[in-house]
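Data block below; observations after.
The values are calculated or read from the model by the stated rules, or taken from the named source; none is laboratory data. Only a predicted model underlies this, so the values are computations on that prediction, with no experimental measurement involved. Positions of Cβ are backbone-derived with ideal geometry, glycine not excepted, and every protein chain shown enters the neighbour counts.
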Amino acid sequence: MSAFTVSKTHIDVIVAAAVSLGEKKPDELGAMLWNENFLSVSTRYAPRDSMPEYKFEPPPPTIPVPFSKEQEHVEPTAAIVVFKAIRCLEFQSCEHAGWETSTAKQTCESLKCALYPNIASDRVLDESFTPEGWDDAPWAIGN
């Protein structure tokens with residue numbers, strides 16, 4: 001398998017969804033997720049430079065974020081973008097031995113479960129799930 005370091009914007013998109021669901025510490029969450037990704041890439045290849053400091057910034061308006069306090073309904077396209085961004089992060093972060101039991105993996109799973117009903121509530125969530133619109137969503141954001 002290969003792995004790459006996702007962009008800060010990629011992490012910001014995931015964290016923005018978490019913030020809209022009530023996350024109170026976006027800087028800590030983003031740093032944890034990005035650190036797992038850096039650790040994975042360093043494990044897969046060679047030790048890399050240290051991870052830059054993470055400070056959450058809302059993603060640009062061109063990237064849809066699926067939740068807001070004012071919305072009653074979540075836009076499925078936005079949910080798919082974030083869902084796929086999480087899948088990408090998981091794929092890029094699983095190269096080290098601690099991934100399976102990490103808080104980052106648990107957080108990704110929780111976020112996917114929160115997004116899932118807005119994408120397709122009539123299917124069981126599994127790794128083969130690819131909803132309509134999946135191919136149109138980017139795998140990596142900002143890379």
Study note, to complete from the structure: Note on the stretch 1-56: residues assigned to a loop (DSSP other than H, G, I, E, B) and among the hydroxyl-bearing types (S, T, Y) are S2, T5, S7, Y45, S50, Y54
Practice item. Quickly run through the stretch 50-68 and pick out the residues that are more than 16 Å from the chain's Cα centre (by Cα), under 15 Å from A31 (Cα atoms) and either modelled with pLDDT of 90 or more or loosely packed, with under 10 Cβ neighbours inside 10 Å (or both). Key: S50, E53
Practice item. Say whether the condition of being under 21 Å from K24 (Cα atoms), in contact with a Pro (Cβ under 7 Å, 6 or more places away or on another chain) and modelled with pLDDT under 90 is met by at least one residue in the stretch 78-98. Key: yes
Revision key, fill the gap. Residues of the stretch 9-45 being under 18 Å from A78 (Cα atoms) and out of contact with any Asp or Glu (no Cβ under 8 Å at 6 or more places or on another chain), in sequence order, are T9, H10, I11, V13, I14, A16, A17, A18, V19, S20, L21, G22
Point to revise | Scan of the stretch 99-140 for residues that are at pLDDT below 95, more than 15 Å from the chain's Cα centre (by Cα), assigned to a helix (DSSP H, G or I) and not acidic (D, E), ordered by number | key: P117, N118
Exercise for review: Considering (1) surrounded by fewer than 20 Cβ atoms within 10 Å (Cβ to Cβ); (2) modelled with pLDDT of 95 or more; (3) aliphatic (A, V, I, L, M), say which one M1 fails and leave the rest.
Suggested key: (2)
Exercise for review: Tell me, please, whether a residue that is in contact with a Lys or Arg (Cβ under 8 Å, 6 or more places away or on another chain) and either surrounded by fewer than 16 Cβ atoms within 10 Å (Cβ to Cβ) or more than 21 Å from T9 (Cα to Cα) (or both) can be found in the stretch 83-95.
Suggested key: yes
